[in-house]
Amino acid sequence: MLLLLLLLWLQLLLLLLMLLLLSLLLLILLLMMIMKTKNIYVPFMYLLQEWPQVESTRLYTKYSARPTSLGHIPTVVERAYRSSVYGRPGVAYIDMPGDLLSDSIAEKDILLGPKVQRPPMSVPPKVLL
């Protein structure tokens, strides 16, 4: 009789332990779902924006890029401008991640490159004038 009572207590204890583990697992899953709803930067992919936009637009634009940091934005904009106005004019695409748009940086930490020169002008031969 005592052995049976001990076995019942052991089963009850195991059942409570399993319920505790299940509740911990559900809590972990809930936290993972909450973390997924934030716009967290992941290299080459975002949690709310799963489509690879830069790779998709690369075939249709002259320049397509995504800045990886706030200090990298001026370089990307300069390259996009230069590629879109030099030679045959075309479209440039810059994918701006949400976490970079809401972030801030000190002005001294921004690296500005040289000023973009005007594109070379082609002059028709004098015979055609």
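The values are calculated or read from the model by the stated rules, or taken from the named source; none is laboratory data. Quick caveat, the model's predicted, so the values are computed rather than measured. Cβ sites come from the backbone with ideal geometry, for glycine too, and all protein chains shown count toward neighbours. These accessible areas exclude ligands, DNA and RNA; they are computed on the full protein's heavy atoms, side chains included. Shrake-Rupley method; radii C 1.70, N 1.55, O 1.52, S 1.80 Å.
From the list Val76, Val85, which one is crowded, with 16+ Cβ neighbours inside 10 Å, of a type outside the set (Gly, Ala, Ser) and closer than 16 Å to Val116 by Cα?
Values: Val85 fails: crowded, with 16+ Cβ neighbours inside 10 Å.
Result of the check over Val76, Val85: Val76.
Filter the range 57-69 for residues that are out of contact with any Phe, Trp or Tyr (no Cβ under 9 Å at 6 or more places or on another chain) and either without any contact (Cβ under 8 Å) to a residue 24 or more places away in the chain or open to solvent by less than 30 Å² (accessible area, probe 1.4 Å) (or both) and give the result.
Leu59, Pro67
Condition first: charged (D, E, K, R) and at pLDDT 80 or above. Can you find one or more residues in the range 37-49 that meet it? Can you show your working first?
First pass over the range 37-49, keeping only residues charged (D, E, K, R): 38.
If we keep only those that are at pLDDT 80 or above as well, we get none.
No, because not a single residue in the range 37-49 is charged (D, E, K, R) and at pLDDT 80 or above.
Filtering the range 88-121 down to residues that are outside any loop (DSSP other than H, G, I, E, B) and open to solvent by 100 Å² or more (accessible area, probe 1.4 Å), which residue is nearest to Tyr60 (Cα to Cα)?
Of the range 88-121, the ones outside any loop (DSSP other than H, G, I, E, B) are 92-94, 98-101, 107-109.
After this cut, where a residue has to be open to solvent by 100 Å² or more (accessible area, probe 1.4 Å) as well, the list is 101, 107-108.
Values: Leu101: 25, Glu107: 34, Lys108: 35 Å.
It comes out as Leu101.
Could you list all residues from the range 85-112 that are at pLDDT 85 or above and within 22 Å of the chain's Cα centre (by Cα)?
Val91, Ala92, Tyr93, Ile94, Asp95, Met96
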